[in-house]
Amino acid sequence: MIFAANFKSNHSRASFKEYAGILGDFWSEFDKKDDEIIIFPPFSAFCGCALKDKKISLGAQNFYPANNGAFTGEICADMLSEFGINSVLVGHSERRALGEDDEFVRAKFEFAKAKLWRVVLCVGEDDIVHMNGNTCEFLESQLEGIDLAYEKLIIAYEPIWAIGTGKSAKPEIIAEILEFLSLKTKAPLLYGGSVNASNIAMITQIPHCAGVLVGSASWQVQSFIDLIKASKA
Ligand code: PGA
């Protein structure tokens, strides 16, 4: 299982150092088989910790698709490589809400692919698309122009209506969408949207589910540890 943690704009360098120490100790003792953790902290927390285990790594929540240049306020590839970052989130709904359209998402994907980075590509519909039963068509449009055979691609299905609400999508909905995605790509498929210690065991049993992308339930280290443990219960 892939346990991806999206910290969003939470954690300082100091608080993440403490978090990483506790999580690292837990992880070194954990009976991991194919399990892996990827944490997406804020950029400023990158140098706050040293992760020793190969099966736990850091990724970037965002980047501008250039090595460097005149892009005020952006973080580019040169800065990420200084921290050894080679996993990135692309297409998260909160970035899309800030103005990243499908074209820009594709440009970021292409750039990341050229860098051979691992890309966690987020797709997901809002409540209107969901209510109208048009989710598959919508996801299809979000995936247009994305190389679904890229070997370092991971796709996270994150329905916007489930993110941050405390209510994950029902298992049958997740199952239907992961089945649909699995017919299009061999990329590992994650689910994200209010995943927590109470629902993780049910979610990870869904066919084609290779892991989860966790927001709020990952921000406190004990909550994230409880979630990982509960996935095996
Ligand atoms: P959530 O966030 O777990 O708080 O719903 C998930 C995400 O935004 O990736």
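A few notes on this one:
- Here's the picture: charge each Lys and Arg Cβ at +1 and each Asp and Glu Cβ at -1 in the chain, and of F71, F7, F83 the one pushed furthest to the positive end of that dipole is F83.
- P(r) tail, segment 131-183: Cα-Cα pairs separated by more than 19 Å, 31% of all pairs.
- Rel. contact order, % - alpha carbon contacts under 8 angstrom, at least six apart, segment 2-230: 19 percent
- Those residues of segment 23-45 whose amide nitrogen sits under 19 Å from the label point placed on K229, 7 Å along Cα→Cβ: 23-33, 35-37
- Accessible area expressed per residue, segment 83-135, with surrounding protein chains retained (probe 1.4 Å, Å²): 47 Å²
- The charge dipole of the chain, taken about the Cα centre with unit charges on the Cβ atoms of Lys, Arg (+1) and Asp, Glu (-1), comes to about 700 debye, rounded to the nearest 20.
- Protein accessible area in the chain, 1.4 Å probe - carbon and sulfur %: 52 percent
- Here the Karplus relation 6.51 cos²θ - 1.76 cosθ + 1.60, evaluated at θ = phi - 60°, turns the backbone of segment 90-103 into coupling constants of 9, x, 4, 4, 6, 6, 4, 5, 8, x, 7, 8, 4, 5 Hz, with x for every Gly and Pro.
- Charge dipole (debye, nearest 20) of segment 11-62; +1 at Cβ of Lys and Arg, -1 at Cβ of Asp and Glu: 240 debye
- Residue with peak Gaussian network fluctuation, the chain [Cα springs, cutoff 10 Å], from N62, N86, N132: N132
- Over all pairs of different C-alpha atoms in the chain, the reciprocal of the mean inverse distance, the Kirkwood hydrodynamic radius, equals 17.9 Å.
- Partner lysines whose Cα lies under 30 Å from the Cα of K52, excluding those fewer than 8 positions away in the same chain, are identified as K8, K17, K32, K33, K108, K113, K115, K152, K186, K229, K232.
- Close amide H partners of A156, meaning residues 5 or more places away or on another chain with modelled amide H under 5 Å apart, are L121, C122, V123, L190.
The values are calculated or read from the model by the stated rules, or taken from the named source; none is laboratory data. From a predicted model like this one, the values you see are computed outputs, not experimental measurements. Positions of Cβ are backbone-derived with ideal geometry, glycine not excepted, and every protein chain shown enters the neighbour counts. Surface areas here come from the heavy atoms of the whole protein model, side chains and all, with no ligands, DNA or RNA. Shrake-Rupley method; radii C 1.70, N 1.55, O 1.52, S 1.80 Å.
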